[in-house]
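Asks: Below you will find the structure I want to go over with you.
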Amino acid sequence: MTNAADPLSEQYALDLDVVDFLRNFHIHFHIPEGTGYLDGNSLGPLSRDAERAVLAALESWKVQGIVGWLATDPPWFTLGEDLGARMAALVGAAPDQGPDRPQGDRVQRAPGAAAVGDRADAGLAQPVPTVDDPL
């Protein structure tokens with residue numbers, strides 16, 4: 001006999017599912033039959049949105065070729081800068097700030113961000129290059 005108030009009961013879980021605003025979110029993913037993703041460090045299932053974006057990028061590459069660097073909307077050439085500007089707030093940076101944006105005589109970066117050439121993972125940190133001292 002199950003008790004809906006018992007958080008370990010199946011009925012409790014089913015009751016939560018009814019009011020879960022993410023209950024239908026699974027339709028956005030390719031989930032193989034009989035598979036459940038409970039591993040937090042897994043890539044997880046492929047999202048349909050990611051699949052569409054990758055296929056669109058491949059089609060653009062196929063059709064545009066070299067012209068895509070500047071003629072595509074948005075141009076591929078500036079995608080890195082555009083993404084960096086959109087993500088800057090995540091690391092406390094200004095949209096136009098980055099490791100390649102000089103400020104004074106030092107390369108400016110967000111506090112705590114890895115410097116160009118840092119190899120902290122190997123314990124071989126290199127000095128941050130200055131504008132006057134190029135790589």
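Okay, residues lined up against (1) small (Gly, Ala, Ser); (2) at pLDDT below 55:
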| site | (1), (2) |
| --- | --- |
| Ala57 | yes, no |
| Gln64 | no, no |
| Gly92 | yes, no |
| Pro99 | no, no |
| Val107 | no, yes |
| Ala110 | yes, yes |
| Ala120 | yes, yes |
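Asks: OK, next. Restricting attention to region 38-69, which residues are touching a strand residue (DSSP E or B) at 6+ places or on another chain (Cβ under 6 Å) and in a loop (DSSP other than H, G, I, E, B)?
Replies: The one that is touching a strand residue (DSSP E or B) at 6+ places or on another chain (Cβ under 6 Å) and in a loop (DSSP other than H, G, I, E, B): Pro45.
Asks: Is it the case that region 22-37 has a residue that's farther than 30 Å from Pro75 by Cα, of a type in the set (A, V, I, L, M, F, W, C) and assigned to a helix (DSSP H, G or I)?
Replies: Yes, some residue in region 22-37 is farther than 30 Å from Pro75 by Cα, of a type in the set (A, V, I, L, M, F, W, C) and assigned to a helix (DSSP H, G or I).
Asks: On to the next question. Would you check which residues across region 1-59 are surrounded by 10 or more Cβ atoms within 10 Å (Cβ to Cβ), of a type in the set (S, T, N, Q) and under 24 Å from the mean Cα position of the chain (by Cα) and list them?
Replies: Across region 1-59, the qualifying residue is only Ser47.
The values are calculated or read from the model by the stated rules, or taken from the named source; none is laboratory data. Just so it is clear, the structure is predicted and the values come from calculations on it, not from any experiment. Positions of Cβ are backbone-derived with ideal geometry, glycine not excepted, and every protein chain shown enters the neighbour counts.
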